[in-house]
Amino acid sequence: MILASEKGFILQTCDTTYIFRTTPYGHLEHIYYGQCLKSPDIEALSHKRTAQAGSTVAYTQDDLNYSLDRIPMEWSGIGKGDYRHSPAEIKMPDGSFVSDFIYQSHEINENTLTIHLNDNNVQLILTYTVYETANVITRRAQLTNNDSRPITIRRLASLMLDMAAKEIYILTTFDGDWTKEAHRHDRPLQYGMFINESRTGASSNKHNPGFLLAEPDAAACRGSVYGFNLIYSGNHMSYIERNSHELVRIGIGISPHCFEWELKQGETFQTPEAVMTYSNQGYNGMSRNFHNFINNHIIPEAWRMKPRPIKYNSWEPCFFKFTESKLVRLARQAKKLGMELFVLDDGWFKGRDNDSAGLGDYEVNKKKFPRGLARFANKIRKIGLDFGIWFEPEMVNPDSDLYRAHPEYAVQGATMGRNQLVLDLTNPDVRDYIVDSVSRIIDETDAAYVKWDMNRHISEFPNGRFFHEYILGLYDVLERIFTPRPHVLLESCSSGGNRFDLGMLRYSPQIWTSDNTDPVCRLEIQGGLSYLYPPSTMGAHVSDAPHQQTLRETPLSTRFNVACYGVLGYEMDLRHLSPVERKEIKSQIEFYKQHRMTFQYGNFKRQDTPKDNKTLWVSQDKNTTIAGLFQGTAKVSEGADTLRIPNLDHTKRYKVKTRPQRLYIKRFGGLVKHIMPIALNPSGLILLLANRYHALIDCVEEYECGGDTLEAGVLLNNQFNGTHYNNKTRLLGDYGSNLYVVTPS
Ligand code: GLA
């Protein structure tokens, strides 16, 4: 709901209130953002201006107390006494950088408020949209030049907001690199300015555009937390500036890095939309708002709240080395285990036997598919799986027919990443080529799923418009391919999570989270991303152990237990599974199918745990809660582990039961001698064979208790400590984990 009166503008969501007003001089003054106020008193909430301060510049000699540097604002210019970082750096018609946008009028259209401001012939429109039930407000800015002289934008934020720093906020960003995306980093917000920026051409795995500001005592389920993000996939910059008057300025938008955009008379520039939310229920409350917003408003309509298929992906088991018959064998195995979608990853097209050739060409590799791709896709469907296919449409290898015919299609430069050049998506001919080629293959193969990859950063670029125009070109291509084909499930990917952002999620309901599928790393990666994005958006696969990047041995149960808090898939060589592993995977998939909606769309929470080697995740919907308790490296003779389940009905009783999982004999090595009547060689044939056909049943715990008891915490059975084994002992060891299913009794 949006209320406008002469006192100010009040934007209400279900649980939050956002207030600003115009000052007597036409600036927009920020008043309040926080928990819902039913009848806010704007005057009481506002910053007072009763004394003139030294070292300030007065905006007008008529009011010496009115210094823009001391006022919390919704937008600010340059050159009028506000020395904080301005949301806009514009070379104005007179050639100066001084700008001062003054309120003219506003409109309210349902849940959208539009404010018109002017600086002479340059018009600025600020748009606020309220998403009541998600507790989200979005903002964007639009600049129009009505002057006969051109203006040049060097920076134009989507959102600027000044908040009073009642306490020292904790600023959280999500940073990383390839295979280590979205690691959470916290720091107290000190004086000066912190910048969270990407300059790689994509939103990047280095710094996700989303970030948080929280009061210092905020925890998983309590305290004030603000969340911010940007609906954009390119270079972004957010700045958070704490000034000497304890005001915190937040700006979010396209990165100004080498950005230069001229507007001639009559031309307009539109920023992407920024998103903000607030919760007084801690980090989980803030995340819940973002998750609801994304699931209900960002994801393409055809896929909103729709179950996502369990996929098998050919990349890690095959890389570039496969034949049609090998893939068919893998697909048959995948079907038998219960999977639903087969994804043919990289290597299917002409010349593509390694990563140095073929990108850009869309002809099938006849050596691998002698009778064509459509026939192979039909075979997969006959097996009973949907067919999905990988593309990397934004790139070209110099060793490709496309590059030989059209070298001008590539962004000109000498630097390469993964042996490839970037196609110039600002060129309409390039966009047409991509749209035609990708659409043709989707239609010919009747693909139900596309994995859209992008595997390098952009380096050289021709001008200051390029980075933004590239992203607009990308959105145009995605729009033209997928809007007419809403049934095709798009999973975007950029060497994993190098472009995990709200802009891509508008087209692709899910994103390949990371090339790193080690569950220990995934706890950090999926855990980090979960602050900003729901589990339904995260592609999560079970892969082989030892793991490809970390060489870590982890239990198959843990690989599943982590992956199931996302969109489940398998990316391993199914031909080498032992009979007992096959049984285990089959039961994992049955379990996931039974609880798929809870995992993909349930209310996901990260719970605080008293021990640093434990992680506790919870997915919860109306009738089911599934808690995952993950152990890092084992400690000897630890105290009891606690299972605390939040948000249950205190008047009801619940059953808690561990998901049954298997314990492999091989894990116990020489220890088996203690339970066997004869001494066996731990690396000998007998134990190897036994390990293929038999596994122990891991400890299953069952409790029945009230919701309040579960919230207080159930103390779990003891862990194995070297002196004892029975089926009531939890044998976690390093990286062990369990899932607990909680249902009403
Ligand atoms: C990227 C992706 C992988 C895989 C390969 C194929 O690295 O992230 O999942 O598709 O490309 O080349």
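For Ser459, the shell of other residues with beta-carbons less than 13 Å away shows a net charge of +2, using +1 for Lys and Arg and -1 for Asp and Glu. Remark on the chain: hydrodynamic radius 27.9 angstrom, per the Kirkwood mean of 1/r across alpha carbon pairs.
A full extension of the chain between Met676 and Thr743 corresponds to an added length of 20.3 nm, given 0.36 nm per residue minus the alpha carbon distance. One equal scatterer on each Cα of the stretch 261-320, no solvent, Debye formula: the resulting log10 I(q)/I(0) at q = 0.12, 0.14, 0.22, 0.23 Å⁻¹ is -0.66, -0.76, -0.93, -0.97.
Which of rounded, prolate, oblate describes the stretch 152-193, given a ≥ b ≥ c as roots of the alpha-carbon gyration tensor eigenvalues and a/c under 1.5 marking rounded, otherwise prolate only if a/b is larger than b/c? The shape class here is oblate.
The convex hull of the Cα atoms of the stretch 414-570, projected and averaged over all directions, covers 10.6 nm². A Förster distance of 60 Å, applied to the separation of the beta-carbon atoms of Asp177 and Leu64, puts the FRET efficiency at 0.70. For Asp649 and Met1, the difference between the fully extended length at 0.36 nm per residue and the C-alpha to C-alpha distance is 230.2 nm. Taking amide H atoms as placed 1.01 Å from N in the peptide plane, the amide H of Asp119 lies under 5 Å from those of Ile102, Leu124, each 5 or more residues away in sequence or on another chain.
For the stretch 108-119, backbone phi angles converted through the Karplus equation (6.51, -1.76, 1.60; θ = phi - 60°) give residue-by-residue couplings of 10, 10, 6, 9, 10, 10, 10, 10, 9, 10, 9, 10 Hz, Gly and Pro being listed as x. Spread over its residues, the convex hull of the C-alpha atoms of the stretch 479-540 is 77 Å³ per residue. Cβ-Cβ distance of Thr415 and Glu704, R₀ of 45 Å, FRET efficiency by 1/(1 + (r/R0)^6): the value works out to about 0.10.
Each residue, His487 and Glu267, gets one label point 7 Å from its Cα in the Cβ direction; the gap between the two is 4.3 nm.
Calculated mean residue ellipticity at 222 nm for the chain: -6000 deg cm²/dmol, from DSSP H runs with n ≥ 4 weighted as -39500 (n - 2.57), summed, divided by the residue count and rounded to 500.
Atom-type composition of the exposed protein surface of the chain places 50 percent of the accessible area on carbon and sulfur (1.4 angstrom probe). The trypsin sites (Lys or Arg not before Pro) of the stretch 1-74 that meet both conditions, a loop assignment by DSSP and at most 16 other Cβ atoms within 10 Å of the site Cβ, are Lys7, Lys38, Lys48, Arg49. Using the alpha-carbon atoms, what tilt in degrees (0 to 90, nearest 10) does helix 428-445 show relative to the longest principal axis of the chain? Orientation of helix 428-445: about 30 degrees from the principal axis.
Local charge for Asp443 was computed over the other residues whose Cβ lies under 12 Å away, with Lys and Arg +1 and Asp and Glu -1, and equals -1. Between Ser439 and Lys38, the simple spin-label model (points 7 angstrom out along Cα→Cβ) gives 5.5 nm.
Think of a 1.4 Å ball rolled over the protein heavy atoms: the chain then has 38 Å² of accessible area per residue. Seen from His47, the other residues with C-beta closer than 10 Å to its C-beta sum to a net charge of +1, counting Lys and Arg as +1 and Asp and Glu as -1. Computed log10 I(q)/I(0) for the stretch 620-724 at 0.10, 0.12, 0.19, 0.23 Å⁻¹: -0.43, -0.58, -1.03, -1.28, from the Debye equation with unit scatterers placed on every C-alpha and solvent omitted. In the chain, the longest principal axis of the Cα atoms and the axis of helix 373-383 are about 60 degrees apart.
On full extension, the segment bounded by Val636 and Arg149 gains 167.9 nm, given 0.36 nm per residue less the C-alpha separation. Only one residue of Phe20, Gln607, Val656 has its Cα farthest out toward the positive end of the dipole of the chain, where Lys and Arg carry +1 and Asp and Glu -1 on Cβ, and that residue is Val656. Database remark: amide H of Gly497 closer than 5 angstrom to the amide H of Thr179, Ser514, Asp515 (H placed geometrically; neighbours at sequence offset of 5 or more, or on other chains; Pro and chain starts carry no H). Shape call for the stretch 252-405 from the C-alpha gyration tensor, a ≥ b ≥ c root eigenvalues: rounded (a/c under 1.5), prolate (a/b greater than b/c) or oblate? Oblate. With axes computed from alpha carbons, what is the tilt in degrees of helix 466-482 against the longest principal axis of the chain, rounded to the nearest 10 within 0 to 90? The answer is roughly 50 degrees. Under the combined filter of DSSP loop state and at most 12 neighbouring Cβ atoms within 10 Å, the stretch 1-80 retains these GluC sites (Glu not before Pro): Glu6. For a straight C-alpha distance cut-off of 27 angstrom, the lysines reachable from Lys673 (same-chain residues fewer than eight places away being disregarded) are Lys583, Lys635, Lys728. If the Kirkwood radius is taken over C-alpha pairs of the stretch 37-130, then at 10 °C and 1.306 mPa s the Stokes-Einstein diffusion coefficient equals 103 µm²/s.
The values are calculated or read from the model by the stated rules, or taken from the named source; none is laboratory data. Here the structure is a predicted model, which is why all the values come from computation and not from measurement. All Cβ positions, even for glycine, are placed from backbone atoms using ideal geometry, and neighbour counts span all protein chains on display. Surface accessibility is based on the protein's heavy atoms, side chains included, excluding ligands, DNA and RNA. Shrake-Rupley method; radii C 1.70, N 1.55, O 1.52, S 1.80 Å.
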